[in-house]
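For reference, the structure discussed in these notes is given below.
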Amino acid sequence: MIDKQLITNRFLKYVVIDTTSDPENPAFPSTEKQWNLAKLLEKELIEIGLEDVELDENCYLMATLPSNIQVQVPTIGFISHIDTSPDFSGINVKPKIIENYQGNDIILNETEKIILSSDYFEDLKQYIGQTIITTDGTTLLGADDKAGIAEIVTAMEYLVHHPEIKHGKIRVCFTPDEEVGKGAHLFNVEKFDAEWAYTMDGSQIGELEFENFNAASAKITIKGKSVHPGYAKNKMINSILIANDFISSLPTNEIPEKTTEYEGFFHLHTIKGDIEETVLEYIIRDHNFDIFEERKYLLQKIAFDINKKYENDCVFVDIKNQYFNMKKMISPVMHIVDIAEEVMNDLGIEPLIKPIRGGTDGSQLSFKGLPCPNIFAGGHNFHGRFEYIPVESMLKATEVIIGIAQKVAEKYA
């Protein structure tokens with residue numbers, strides 16, 4: 001089967017390359033450093049024997065594993081993203097390897113007293129006896145989504161070296177800027193030329209997802225008037241206080257910290273301001289499209305009510321849709337989810353079919369005509385210092401990719 005040290009070394013080689021994306025830069029890719037990993041992967045895909053390897057001008061890397069059967073079967077694809085989240089530092093990543101983990105707390109950084117607690121992060125205990133890769137507590141790890149890349153490359157290499165495993169044509173793609181919501185924007189679905197694909201971008205072992213949030217961003221700009229506080233009566237308009245009114249008008253329990261499963265939320269992630277101007281930046285999320293629309297309307301209504309209260313247009317709302325629930329596009333082709341579920345069952349993996357409390361490239365790609373469920377890559381606690389991944393989960397994800405390739409050939413040959 002797959003060599004454990006091989007995939008470990010491959011993953012470690014990827015994560016030490018800083019590929020953090022930039023939400024403020026409209027360029028593709030949003031950071032030049034994403035090219036460093038893309039070019040390494042381009043070379044690696046050629047070396048392992050894939051064909052049609054092409055890295056385009058926007059940092060999308062595509063390649064083909066040709067069919068090794070005579071019968072025509074559907075072309076399928078596997079996709080992961082090159083960039084890592086700007087939410088936490090990806091510079092100078094120093095992975096730590098814990099062999100034969102025993103369920104205890106893991107000291108990530110003794111000097112700074114940073115501890116990965118097995119009581120706080122209870123999922124750790126399901127990996128007793130396995131090999132855990134963590135950070136040193138000062139950066140994220142980058143398993144989101146360099147684990148997915150390592151799994152896809154390793155699976156393709158394995159299929160090249162084991163022609164006895166029969167499969168149809170397989171396409172792979174590694175995308176830039178998924179973490180800033182642009183990963184699918186310039187993805188050429190026609191050129192990719194697959195009937196369906198899978199993103200290897202989920203979390204814990206067994207995850208299989210085909211529904212995600214409807215998503216939008218909202219920028220609330222509040223204008224005030226600065227006057228000397230000693231002479232401010234009936235003249236000053238303090239935008240910070242109005243911002244507080246706005247925040248307090250939203251449902252207090254509909255925030256990420258207090259919601260789960262299908263529950264949506266308003267997430268205030270940035271606030272900057274002074275008396276003259278305060279800007280609030282929200283993301284809006286809900287699986288139900290009608291409730292999603294109601295959430296956007298509520299922001300507009302709060303702004304209207306505050307403007308009426310102050311008899312002045314001081315609150316301005318700018319809402320932009322980001323992506324939509326891919327369930328609408330995948331429901332008509334549920335056999336592609338069923339295939340992945342069958343493979344997991346065959347491998348002794350319990351499928352965890354649940355909604356994504358976020359989005360993937362697959363959500364946008366599904367609406368572009370490439371149905372694209374999401375499969376686990378194996379990591380936990382993405383986007384922060386406590387990120388970790390069991391090597392055994394990466395091995396299983398690789399086996400799932402190989403199994404899907406084989407299952408499609410069996411079903412359609």
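Out of the total accessible area of the chain (probe 1.4 Å, heavy atoms of protein only), what percent is carbon and sulfur? The computed percentage sits at 50. In the chain, the DSSP beta bridges split such that about 75 percent are antiparallel, to the nearest 5. Each of E54 and K191 was given a label point 7 Å from its Cα along the Cα-to-Cβ line. The distance between the two points is 0.5 nm.
Applying 0.36 nm per residue to the separation of S331 and H269 and subtracting their alpha-carbon distance, the gain on full extension is 19.1 nm. The charge dipole of the chain, taken about its Cα centre with unit charges on the Cβ of Lys, Arg, Asp and Glu (plus for the first two, minus for the last two), comes to roughly 920 debye.
Within a straight-line Cα-Cα reach of under 25 Å, K169 can be paired with the following lysines, leaving aside sequence neighbours fewer than 8 residues apart in one chain: K39, K43, K146, K191, K368, K396, K407, K411.
Ordering of 340-347, 123-130 by packing is 340-347, 123-130, highest average first (other Cβ atoms within 10 Å, averaged per residue). Compute the acute angle (0 to 90°) between the alpha-carbon long axis of helix 289-310 and the principal axis of greatest extent of the alpha-carbon atoms of the chain; round to the nearest 10°. Tilt of helix 289-310: around 20 degrees.
In loop segments of the range 8-45 as defined by DSSP, the GluC sites (Glu not before Pro) with at most 11 further C-beta atoms inside 10 Å of their C-beta are E24, E32. The C-alpha atoms of the chain define a longest principal axis, and helix 239-248 lies at about 60 degrees to it.
Residues in the range 187-212, backbone N under 17 Å from the label point at N345 (7 Å along the Cα-to-beta-carbon vector): list them, ranges by number please. What the label zone holds, given the 17 Å backbone N cut-off, is 206-209. With all protein chains kept in place, the per residue accessible area of the range 331-394 amounts to 33 square angstrom at a probe of 1.4 angstrom. Computed with a 1.4 Å probe over protein heavy atoms only, the accessible area of F304 comes to about 130 Å². Comparing S226, H162, V189 along the charge dipole axis of the range 137-262, the residue lying farthest to the positive side is S226, per the Cβ-charge model.
Non-local lysine pairs in the range 281-351, meaning eight or more places apart or on different chains, with alpha-carbon distances under 30 Å, amount to 12.
In debye to the nearest 20, how big a dipole does the range 310-386 give about its Cα centre with +1 on each Lys and Arg Cβ and -1 on each Asp and Glu Cβ?
Working: 7 positive and 9 negative charges, 20 e Å.
It works out to roughly 100 debye.
Measure nothing but the geometry: give the 0 to 90° angle between the long axis through the Cα atoms of 391-412 and the longest principal axis through the Cα atoms of the chain, rounded to 10°. The helix 391-412 is inclined about 70 degrees to the chain. A value for volume of the Cα convex hull per residue in Å³ was derived from the coordinates, and within the list [x] 140; [y] 184; [z] 152 it appears as [z]. Summed over qualifying helices (DSSP H, 4 residues or more, each -39500 (n - 2.57)) and divided by its residue number, the chain shows a 222 nm mean residue ellipticity of -9500 deg cm²/dmol.
Measuring with a 1.4 angstrom probe and ignoring ligands and nucleic acids, D144 comes out at about 20 Å² accessible. Multiplying the residue separation of N104 and F28 by 0.36 nm and removing their Cα-Cα distance gives an extension gain of 23.1 nm.
Note down the net charge around Y388, summing +1 for each Lys or Arg and -1 for each Asp or Glu among other residues with Cβ under 12 Å from its Cβ. Once positives and negatives cancel, what remains is -2. Extension gain for the segment N307 to S117, taken as residue separation times 0.36 nm less the Cα-Cα distance, is 63.7 nm to one decimal. In this structure, D318 and E164 have a Cβ-Cβ separation that, at R0 = 56 Å, corresponds to a calculated FRET efficiency of about 0.50. Take the Cα of H228, step 7 Å along the line toward its Cβ, and report every residue of the range 262-278 whose backbone nitrogen sits under 19 Å from that point. In the range 262-278, the label zone of H228 (backbone N under 19 Å from the point 7 Å along Cα→Cβ) covers 275-276.
The values are calculated or read from the model by the stated rules, or taken from the named source; none is laboratory data. Just so we're clear, the structure is a prediction, and the values are computed from it rather than from any experiment. Quick reminder, even Gly has a Cβ in these numbers, built from the backbone with ideal geometry, and neighbours come from all protein chains shown. When the accessible area is computed, the model is the full protein with side chains, heavy atoms only, and any ligands, DNA or RNA have been set aside. Shrake-Rupley method; radii C 1.70, N 1.55, O 1.52, S 1.80 Å.
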